[in-house]
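Below: the structure, in structure tokens.
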Amino acid sequence: MVPSPFAVQLYVEVQPMLRRLARALAPVEPFDPATSKRVFRLAMRDFLSGLFPDLLHLVNGSAPHTRLEWLSVEEGIWGALGNGDVDAFIGPGPMKTPSGISAQPIGALSWACFVRVGHPGCAAWSSAEWARWPHVQVGVGDPVRNPVAEAAAQVGVTRRVQAVVPVFSAVASVLANSDMVATLPRAVMRTQLAPWGLVQLPTPFAIEPIPHMVYTADLPPLTVPVFLRSPRG
């Protein structure tokens, strides 16, 4: 017997609801960090890669038998949280979320500029030097406001973007082999400076920090493990 196309589609649509119902009916077990062997599935973008080692260090110290899995952020993150496919999502905030999703602020990411060691703009770093040199930008594909462009416009300068890369992990190699400048949250490059021969410079004008939140499904705030509430900016 072969299921009809309607039955197959119905199965696909019902599965998330059944998983959520199973979670709701499952007996609640207290979380004991010292003995728990739970797997935590955490979604976040690659620009927070510097945060992941910190989280692992905190996990090993407070919940040594648990496992932390880093998942990429795809469309449908709210559904993945609600279905239990993802335990937590670290992202900018506050974001408009559907019912059943809670959020906790965990701080804000501050900005810096990054160039190669010996970059000719370092000697007299200023907003004019920032605008003089070509820039590399990450094309994240989000139709959201650009705080760097907005801050630059406030002081009357613009950047010339010469290269656009798809992921934050590609920025370091571009900077190391060019005179380009990258303006990014400090956390993005924290572990990349020494390996790639890069230096961090202050932004020559104020850029608004990016608030970040931990988003979870149907969890009171105090039940979120402490290691998900302790990132570094």
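The values are calculated or read from the model by the stated rules, or taken from the named source; none is laboratory data. Note that the structure is a prediction, hence the values are computed from the model and not measured. Here the Cβ positions follow ideal geometry from the backbone for every residue, glycine too, while neighbour counts run over all protein chains shown. For the accessible areas, the whole protein counts, side chains as well, though only heavy atoms, and no ligand, DNA or RNA atoms are used. Shrake-Rupley method; radii C 1.70, N 1.55, O 1.52, S 1.80 Å.
Scoring 30-40, 49-59 by mean Cβ neighbours within 10 Å over their residues and listing the highest first yields 49-59, 30-40. Roughly speaking, to the nearest percent, how much of segment 159-205's 1.4 Å accessible area is carbon and sulfur? Solvent-exposed carbon and sulfur of segment 159-205 make up 56 percent of the total.
The stretch between L71 and V174, if pulled fully straight at 0.36 nm per residue, gains 34.5 nm over its current Cα-Cα span. Peptide packing: for 91-97, 112-118, the average count of neighbouring Cβ atoms within 10 Å per residue gives the ranking 112-118, 91-97, highest mean first. Dipole magnitude for segment 126-186: computed about the Cα centre from +1 point charges on Lys and Arg Cβ and -1 point charges on Asp and Glu Cβ, it is near 40 debye.
Label zone of V199 (point 7 Å out along Cα→Cβ, amide N under 15 Å): in segment 116-132 this covers 116-126, 129-130. For a label point 7 Å from the Cα of T35 along Cα→C-beta, name the residues of segment 60-76 whose backbone N is under 20 Å from it. From segment 60-76, the list is 60-67.
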